[in-house]
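First up is the structure itself, then whatever we jot down about it.
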Amino acid sequence: CLCVVGKEENPYAKEYINYYKKLGFQKIFLYDNNDINGEKFEDVINEEIKSGFVSIINYRGYKGIQYEAYYDCYKNNNKKFDWLSFFDFDEYLVLVPKNKTINMNIY
């Protein structure tokens with residue numbers, strides 16, 4: 001799974017989610033750190049939320065929450081998945097060769 005904190009990332013959210021879905025991730029936990037009355041991720045990735053691929057965790061309006069959000073993601077999900085990853089919205093995992101997914105047996 002992937003844990004990410006998002007603030008004012010709506011223009012990139014769909015592309016970001018689809019990129020990691022194509023890489024083979026099973027779940028994304030998106031910690032919504034937008035302003036209370038700011039943009040809503042549901043406006044651009046509602047389909048991914050409804051399908052269960054993305055879960056939104058409300059951290060709207062808080063300051064400096066990255067460590068707390070990542071710890072929350074770890075604490076609540078470390079036994080549900082073999083791997084947890086933590087990326088920012090501007091960080092992309094690149095596999096070489098590019099036609100691989102994270103689900104390939106590397107052993």
Among the listed residues 67, 74, 92, 62, identify the single one that is in contact with a Leu (Cβ under 7 Å, 6 or more places away or on another chain) and either part of a loop (DSSP other than H, G, I, E, B) or open to solvent by 40 Å² or more (accessible area, probe 1.4 Å) (or both). 74
Would you check which residues across the stretch 46-59 are crowded, with 17+ Cβ neighbours inside 10 Å, of a type in the set (A, V, I, L, M) and farther than 23 Å from residue 101 by Cα and list them? 56
Quickly run through the stretch 24-45 and pick out the residues that are open to solvent by 60 Å² or more (accessible area, probe 1.4 Å) and not charged (D, E, K, R). 26, 36, 37
Considering only the stretch 1-23, state which residues are among the hydrophobic types (A, V, I, L, M, F, W, C), open to solvent by less than 10 Å² (accessible area, probe 1.4 Å) and part of a helix (DSSP H, G or I). 13, 17
Condition set without any contact (Cβ under 8 Å) to a residue 60 or more places away in the chain and among the aliphatic types (A, V, I, L, M), scope the stretch 67-103, selection farthest from residue 3 (Cα to Cα): answer is 96
Out of curiosity, is residue 30 modelled with pLDDT under 95 and not in a helix (DSSP H, G or I)? no
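The values are calculated or read from the model by the stated rules, or taken from the named source; none is laboratory data. Quick caveat: nothing in here was measured; it's all calculated off a predicted structure. Cβ atoms come from the backbone with ideal geometry, glycine included; neighbour counts cover every protein chain shown. The accessibility values were calculated without ligands, DNA or RNA, using every heavy atom of the protein model including side chains. Shrake-Rupley method; radii C 1.70, N 1.55, O 1.52, S 1.80 Å.
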